[in-house]
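The values are calculated or read from the model by the stated rules, or taken from the named source; none is laboratory data. A quick note: this is a predicted structure, and the numbers were derived from the prediction, not measured. Glycine gets a Cβ as well: all are built from the backbone with ideal geometry, and neighbour counts include every protein chain shown.
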Amino acid sequence: MIESEEQATYVSSEAVQLATESWGWITPPESILRAAELSIQLQNLMVGEAVVKLGLMPEDKKNALLKSKPADRQTLDWLSTHEPQVKAAFDKIMALRDGIQYFDDLHNLGIVVHPDMKKLNLRRYCEEKRCVLGLMEQTKPVLCFGKWEDLERYRMAGRAERNEVKNIAPNHALAVGNPQRVTEWVAAAGSASTELDETAQKNLWLPTDTRDSEALRKFATLIDVAMSMASDIDINPLRSGQGRVMLRVNTKMQDPPGGPYLLSPEELTEVTRFIAKKCGANTTGARILKPCDGQLIYRSSAGEIFIRVSVIPLDPGGTSYDMLSVDLRLHKRREVAISLHSLNMQPDVIESCRKAAAYSQGLILFIGPTNTGKSTSIAGLIGLHVDLFGDSRKRISIEHPVERFVPGIKQISVPSKDLFAPYFESILRHDPDLVMIGEIRDQQTANTAVDAGLSGHLVVSTLHANDPIIGIRRLANMIQEDKRFDLYEAATLLVSQRLAMTLCDKCYQGAMRKPTEQEIDKFNEYAADNGITIKMPDGIPKLSDERHECDVCRGNGYNGVMPIFEVLPVTRTVKDLLAIGKFDYQNLGKHRTRTLVGSAMELVALGKTTLDSVFI
Ligand SMILES: [Zn+2]
């Protein structure tokens, strides 16, 4: 008996998936899957049966009540008058029976307020319609009403009346949610806080909250300064127990403006424990014994910045102090279309990218250490893809976390890098034309990338390695042996990237000098070792003595960075070389259309950088 009843209410997983997709989810949480299943079941039930199914009223009570229902009363209204629980669930029953999703708790589902709720017009509109525009899975807009009848009214409203939302989010999903939560949300959107990332939003550091601590006040001031000039703030513990705080500016470590910044042992403990706690890495605030990381948003009068925090405890060496090495990576968050031209990418590199992006499938890899601008180049490549194909292509990225908002691509922030592979596999079922994976770092992701790149998807990713040749070798070693051939077939373009420091445009006026014999010999030797055939230019920049008084570069002579590239298009010849294991610089190297050293040398000849940046 039980079996047949289960069969009667069985809903196939395909039907559930279709329902959640129609609600706008890509990877729906468990509670949404259950709600979709329930919604499908309820759609086939009478209202009275739905009430029983939801456990709001026992079957016999429902039957007895419906027998005595006055003819002019709606079933649900009538049952509601006899059972407060039914009344409370009225909106939920109506929504789910109509195939509309219902959110009991927006926060648990990871739904965040749409950034455009900052805009006064939209906020007024939402207040009036009693709804809120949110984002599911960080990217999919959803208009959520507190009451079923408000949603009904919206659906029936004329086109002009719906345009306010349609103009901002043409493909938004609809939902009904806990009315109290919806009201709170509209109110919250009215205040300044409309940051996208829910996790980081919870970890919000307002320096006004920590102004009572001398150490934290001083540190907050440093973040204010660093925000406009540095990519990282590093705290390095010294043997004395003190912490030395340095900034990474244009890829080089330096003291903050105003000279060395030392934290006393007590300050170091206070600052690091506070940051580790604030970013969610170490919520207890206890002594940190193993590496941990997290993220937070720092917001002050100087601006707002997203910070990724990494804390590594070092050998305490018998001290009673925390020996913690802390790195704060600073990210400005904004959505901007990036063009490869604006990144100072050389025309031939752009052309290689354009060719690879125009294929309907393949594997494009940006290879290099961290902090070399790979993700910026990928954002540029996606911009190029948007230029080529517009909205006719489906693009999805899987990142940890989303640090930069890129137009034209649906961005999914996964909670951990270990989840790249499962997310990747499930996203392929949505048949995207272009998939961006934050990083290929394990066999499963590598295998999936190769399969996808050979089956109608353009896969773009990054890889940690020095250059394209080492990169493809690393990837080949990462995947199953029987898949290596597939890898060489899938690969279309390998690009390696670095940032070269560029000469200060205030104190360097373009003076050039002849290279010394020693410099020429050193370069020729290096070039020969690396299979590079270019020659030392006749003139190289002569640094000015005025730099010592320069307030822009503070005497170091540089004030910016420019990307340099090495490009290996994976042509038929290259694929064949790889297939027979010719992974060396002599054979493969010849097929590079440019090298990092060659690129840097071009900048030297143009008077943009010095020889120091060449030996990388
Ligand atoms: Zn200067």
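Taking region 534-565 as the search range and keeping residues that are closer than 27 Å to residue 374 by Cβ and of a type in the set (Val, Ile, Thr), which one is farthest from the ligand (Cβ to nearest atom)?
534
Could you give me the residue pairs with C-beta distances under 6 Å whose first residue belongs to region 541-564 and is farther than 20 Å from residue 512 by Cβ and assigned to a loop (DSSP other than H, G, I, E, B), whose second residue is at pLDDT below 80 and within 10 Å of the ligand (Cβ to nearest atom) wherever it lies, and which are 6+ apart or on separate chains?
552/559
Could you count how many residues in region 391-400 are outside any loop (DSSP other than H, G, I, E, B) and at pLDDT 85 or above?
Applying the first criterion (outside any loop (DSSP other than H, G, I, E, B)) to region 391-400 yields 391-392, 395-399.
Filter again for at pLDDT 85 or above, leaving 392, 395-399.
Counting residues in region 391-400 that are outside any loop (DSSP other than H, G, I, E, B) and at pLDDT 85 or above gives 6.
How many residues does region 235-272 contain that are part of a helix (DSSP H, G or I) and surrounded by fewer than 13 Cβ atoms within 10 Å (Cβ to Cβ)?
Count: 1.
Limited to region 56-90, what total is found for residues that are at pLDDT 85 or above, under 48 Å from the mean Cα position of the chain (by Cα) and part of a helix (DSSP H, G or I)?
Adding up the residues that qualify gives 0.
Looking at residue 571, is it modelled with pLDDT of 90 or more, surrounded by 16 or more Cβ atoms within 10 Å (Cβ to Cβ) and not charged (D, E, K, R)?
Numbers: modelled with pLDDT of 90 or more: yes; surrounded by 16 or more Cβ atoms within 10 Å (Cβ to Cβ): no; not charged (D, E, K, R): yes.
No, not satisfied.
Collect the residues in region 343-381 that are surrounded by fewer than 21 Cβ atoms within 10 Å (Cβ to Cβ), touching a helix residue (DSSP H, G or I) at 6+ places or on another chain (Cβ under 8 Å) and in a helix (DSSP H, G or I), keeping them in residue-number order.
Across region 343-381, the qualifying residues are 343, 350, 354, 358, 376.
For region 241-266, which positions are of a type in the set (A, V, I, L, M) and modelled with pLDDT of 90 or more?
As a first pass, look at region 241-266 and keep what is of a type in the set (A, V, I, L, M): 245-247, 249, 253, 262-263.
245, 246, 247, 262, 263 - these are the residues of region 241-266 that are of a type in the set (A, V, I, L, M) and modelled with pLDDT of 90 or more.
Go through region 401-427 and report how many residues are touching a strand residue (DSSP E or B) at 6+ places or on another chain (Cβ under 7 Å) and outside any loop (DSSP other than H, G, I, E, B).
Count: 9.
Only residues that are out of contact with any Pro (no Cβ under 8 Å at 6 or more places or on another chain) and surrounded by fewer than 23 Cβ atoms within 10 Å (Cβ to Cβ): list them for region 491-505, please. Steps first, answer last, please.
Residues of region 491-505 that are out of contact with any Pro (no Cβ under 8 Å at 6 or more places or on another chain), as a first pass: 491, 501-502, 504-505.
Scanning region 491-505 gives 502, 504, 505.
Determine whether residue 518 is away from the ligand (no atom under 16 Å from the Cβ), among the polar types (S, T, N, Q) and under 29 Å from residue 345 (Cβ atoms). Can you show your working first?
Details: away from the ligand (no atom under 16 Å from the Cβ): yes; among the polar types (S, T, N, Q): yes; under 29 Å from residue 345 (Cβ atoms): no.
Considered against the rule, which asks whether it is away from the ligand (no atom under 16 Å from the Cβ), among the polar types (S, T, N, Q) and under 29 Å from residue 345 (Cβ atoms), residue 518 comes out as no.
Residues in region 290-335 that are at pLDDT below 70 and of a type in the set (Ser, Thr, Tyr): how many?
Total satisfying the criteria: 3.
Of the numbered conditions (1) over 14 Å from residue 510 (Cα atoms); (2) away from the ligand (no atom under 16 Å from the Cβ); (3) within 34 Å of the chain's Cα centre (by Cα), residue 603 satisfies every one except a single condition; which is it?
It fails just one condition, (1).
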